1. Could you pull out the residue among Thr380, Thr389 that is open to solvent by less than 20 Å² (accessible area, probe 1.4 Å) and touching a Lys or Arg at 6+ places or on another chain (Cβ under 8 Å)?
2. Considering each of Leu203, Leu211 in turn, give the residue that is touching a Phe, Trp or Tyr at 6+ places or on another chain (Cβ under 8 Å), under 20 Å from Phe400 (Cβ atoms) and surrounded by fewer than 23 Cβ atoms within 10 Å (Cβ to Cβ).
3. Does the stretch 262-288 hold any residues that are closer than 27 Å to Gly438 by Cα and open to solvent by 60 Å² or more (accessible area, probe 1.4 Å), and which are they?
4. Show the residue pairs meeting these rules: Cβ distance below 6 Å; 6+ apart or different chains; first residue within the stretch 54-65 and without any contact (Cβ under 8 Å) to a residue 12 or more places away in the chain; second residue open to solvent by 10 Å² or more (accessible area, probe 1.4 Å) and of a type in the set (Asp, Glu).
5. Go through the residues of the stretch 140-149 one by one and say whether even a single one is within 23 Å of Ser435 (Cα to Cα), open to solvent by less than 50 Å² (accessible area, probe 1.4 Å) and within 27 Å of the chain's Cα centre (by Cα).
6. Going through the stretch 89-126 one residue at a time, which ones are farther than 24 Å from Thr144 by Cβ, open to solvent by 40 Å² or more (accessible area, probe 1.4 Å) and either β-branched (Val, Ile, Thr) or in contact with an Asp or Glu (Cβ under 7 Å, 6 or more places away or on another chain) (or both)?
7. Looking at the stretch 401-437, which of its residues are under 21 Å from Ala185 (Cα atoms), assigned to a strand (DSSP E or B) and without any contact (Cβ under 8 Å) to a residue 60 or more places away in the chain?
8. Say whether the condition of being touching a residue at least 40 places away in the same chain (Cβ under 8 Å) and under 21 Å from Leu439 (Cβ atoms) is met by at least one residue in the stretch 84-102.
Amino acid sequence: MKISRRKVVLGASAVACLRPWASVAQDRLRIEITEGVVEPMPLAIPEFVAVSEGAAIMARQISQVVRDDLINTGLFREIPQEAHIGRIAAFDAQVQYSDWSVINAQALVTGGVAQSGDRIEVSFRLYDVFGQTAIGDGLKFDGTTRSWRRMAHKVADSVYSRLTGESPYFDSRVAYIAASGPKSARRKQLAIMDYDGQNSSFLTDGSYLVLTPRLSKSAGQILYTSYETGRPGIFLLKGSGERREILADAGQMTFAPRFSTDEQRAVLSVSSGTGSDIYVTDLNSGGLSRLTQTSSIDTAPCFSPDGGQIVFESDRAGSQQIYVMPSGGGEAKRISFGDGRYATPVWSPRGDRIAFTKIVGGRFHIGVMSPDGQNERLLTASYIDEGPTWSPNGRVIMFFRETAGDQGGPQIYSVDITGRNLRQVPTNGFASDPSWSGLLA
């Protein structure tokens, strides 16, 4: 990671509930994320100011979420509140840069929160302390008090993007399988949460087995495998669980679904004797087309971001390996050639990498490679690490790690694509099979 100054003019993006105002950004303080040793940027985030009476609690909660989002990336180091010399008494007060440079803060985030009934407004500014200038436009977010966490994530997203030049990812959701009970009789429920493990809710009641949820980019739909009918079948859930329908009933076991980026199609596996083949279905018409026809096990398909290719795993060469083929079917090209077995490939939203599970030497790994199979890198190693899923910006991977023994169980983790900053995502109880949405609208 490098910290550099560049001549850049950064305008604020116009999205729902954002309002920019003028800024004088000139010299840009920026983190360049590289493969080198990371020295986190020192960042000061004073508690946001309560602009209106009664907003103090909300201001404190929002500023804490902003801190957590940024610090948990591993790219920033928070300067503790007790070390602050300067005090932000009013959001519109002029910044005294010397108060922040003396404690070696390179960037400063200030914010204000106003509350009226069930409505809140969050404002923030970002400053380059040593350049003594604002970075980008100030922004305001407004919404209901119920959406305060989303507004905090949006603030953190804006700061992250301005300081790294990368697309944001905090304002996003993750579908997963919540598990409870003894290992021999686990109760599994479909659940969804914010990317940081908060705001979790169940979408099924646990009366039947559910597996491998796949959240759409918009977070408005979920595909998952269920044993509700007595055999594995794919269900499509829309909204917050109000509408469910069986997807692509082929008269056989169906499993391992994934959406296309535009959410118009889904790719899946259908059992065929002792093997399985890959099919694609149109989510509007329900039409089902077969893409592979072999005696092997072809499964875990995933569209490329542009929808032109599909990556999948197959044992057609004698062991689990990764293949890529055109999304309309055709010749499949093997891209994995390292030692061991490869499984659960998933394409980065950037299109530049494929994440996978690798099993070699009795250990499980999460790894990444280029779409042509080059530049393979293993990011983790454990008793069981499985099921990678990408952040909306393609910089972070979530997966689940299972511990051994009678009391063992799965937990969700995240890791940067450089292999740094391995962190457990907090959940209530065991959790597995994460599936990350795109950035929310």
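1. Details: Thr389 fails: touching a Lys or Arg at 6+ places or on another chain (Cβ under 8 Å).
Thr380 is the lone residue from the list that is open to solvent by less than 20 Å² (accessible area, probe 1.4 Å) and touching a Lys or Arg at 6+ places or on another chain (Cβ under 8 Å).
2. The unique qualifying residue is Leu211.
3. Correct list: Asp262, Gln264, Arg265, Asn284, Ser285, Leu288.
4. none
5. In the first step, residues of the stretch 140-149 are kept if they are within 23 Å of Ser435 (Cα to Cα); the result is 147, 149.
With open to solvent by less than 50 Å² (accessible area, probe 1.4 Å) added as a condition, the list becomes 147, 149.
Narrowing further to those that are within 27 Å of the chain's Cα centre (by Cα): 147, 149.
Yes, the stretch 140-149 contains a residue that is within 23 Å of Ser435 (Cα to Cα), open to solvent by less than 50 Å² (accessible area, probe 1.4 Å) and within 27 Å of the chain's Cα centre (by Cα).
6. Val102
7. Correct list: Arg401, Glu402, Gln411.
8. Within the stretch 84-102 (the criterion being touching a residue at least 40 places away in the same chain (Cβ under 8 Å) and under 21 Å from Leu439 (Cβ atoms)), the answer is no, since none of the residues qualifies.
The values are calculated or read from the model by the stated rules, or taken from the named source; none is laboratory data. What you see is a predicted model; the values in this text were computed from it and never measured. So basically every Cβ, Gly included, is an ideal-geometry build from the backbone, and we count neighbours across all protein chains shown. Please note that ligands, DNA and RNA were not included when accessible areas were found on the heavy atoms of the full protein model with its side chains. Shrake-Rupley method; radii C 1.70, N 1.55, O 1.52, S 1.80 Å.
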